[in-house]
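Please read the structure below before turning to the comments.
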């Protein structure tokens, strides 16, 4: 038996499969962590302002929203999630190789849009493939936490490397590629789920529309979008805020490590709470934690205090991610599962950013980061209240139907 055959056989074992999926999340999210948090710093080094940064992020989000759903739907139709994932990873590597040669707003805009078009569908494809490969979907949080470790370890390492004397900010592109290459090799050896082949009926555009007819589904997508709008201010402007109050790139990496500690804790707690309180209450907890984080980060002027505060950020994201993935998985048919997860992730990460980045960028430029985050605290508190009201209304309706 050849090395390739032995490796394939190894990953057929349940525990090895779990380890492989954990590692895939580690590499994928670790690679993203070298780029997305630091790219705003790169924009500043080439002379872009807050409004231009907001515009790039908004266009990136809009393109990603469309591509995530379209490419995920294609993977459902073809029933070849693994192949589509590999092609998207190759597309990311090519665009990253070109990116450092783009040094103006006009040239960065299309290349960032192209990168995001390849990157975003992989989130939903990886999530759905994981749910299909796991013997028990409840183990999703156990595997997904690999991404949290990846973000923490790699962001810290990237921050230390960027702080080295003479190190160019464009190093983030090289580091991103170096992490995507082993991910590509790993995915080639991981088994492909048999779930797709067991589904006789191929999905159609009508199935996508039918998702919005599921009671409460569209409203909870709206709640997920509101959370994502607030999170856009964290992803796109938090490192600029830390720099403004005196933090260094090394501190930013360490700060992300604290956030990951919060994610690890959050995923562990969410996994235990899922059967007790349900996916919707888990999402409400995410809003509570995010609101508290906005208040604390907005009033804090000491860069070192950002570290313990940022534990709340990681826990909040873990709750919204675990809760929303579980909610979508519970309510959508398997034949269109990847598309439904893509819609969820596109709304959480992309559509919300497209709607929020321009406004948040303008708030950042006019009021500064501290006051911007206090404004976002009020926005998050309103969103939290709406989510609570929606859950109560649905609970009353479901109780009446059961009676």
Problem - Rounded if a/c under 1.5, otherwise prolate or oblate - the range 76-148, Cα gyration tensor axes - result: prolate
Fill in the blank from the handout: Rounded to one decimal in nm, the spacing of the 7 Å Cα→Cβ label points at residue 104 and residue 19 is 5.2
Fill in the blank from the handout: So, with points 7 Å from each Cα along the Cβ direction, the residue 214-residue 136 label distance in nm works out to 2.3
Practice task
May I ask you to compute the full-extension gain from residue 272 to residue 87, defined as 0.36 nm times their residue separation minus their alpha-carbon distance, rounded to one decimal in nm?
Solution key: 63.1 nm
Exercise for the section: For the range 299-403, restrict the atom set to alpha-carbon positions and state the Rg and Dmax in Å. Expected result: 17.7, 55
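Considering all alpha-carbon pairs of the range 342-402, what whole percent are spaced by more than 13 angstrom?
Above the 13 Å cut-off, the range 342-402 has 73 percent of its Cα pairs.
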Completion exercise
Once residue 206 and residue 366 are pulled to full extension, the length gained, defined as 0.36 nm per residue separation minus their Cα-Cα distance, is 53.2 nm
Practice task
Sort 385, 95, 275 so that the residue with the fewest other Cβ atoms within 10 Å of its own Cβ comes first and the one with the most comes last.
Solution key: 275, 385, 95
Problem - Contact order relative to length of the chain, as percent, for alpha carbon pairs under 8 angstrom and 6 or more apart - result: 28
Handout entry: Where labels lie 7 Å past Cα in the beta-carbon direction, separation of residue 250 and residue 80 in nm
Key = 4.9
Fill in the blank from the handout: PRE zone check, label point 7 Å out along Cα-to-Cβ of residue 167, amide N under 12 Å, scope the range 220-258, hits 249-254
Practice task
Could you work out how far the C-alpha centroid of the range 256-273 sits from that of the range 301-352, in angstrom?
Solution key: 12
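Tell me what the chain gives for mean residue ellipticity at 222 nm when only DSSP H runs of n ≥ 4 count, each as -39,500 (n - 2.57), the sum divided by the residue total, rounded to 500 deg cm²/dmol.
Working: 15 runs with 327 residues, N = 403.
Calculated from helices alone, the mean residue ellipticity at 222 nm is -28500 deg cm²/dmol.
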Practice task
Would you mind pulling out the separation of the Cα centroids of the range 85-162 and the range 368-403, in Å?
Solution key: 29
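Just so you know, all these numbers are worked out from the coordinates, no wet-lab data involved. Predicted model only: the values in this text are computed from it and were never measured. For neighbour counting, all protein chains shown are included, and Cβ atoms are generated from backbone atoms with ideal geometry for every residue, glycine included.
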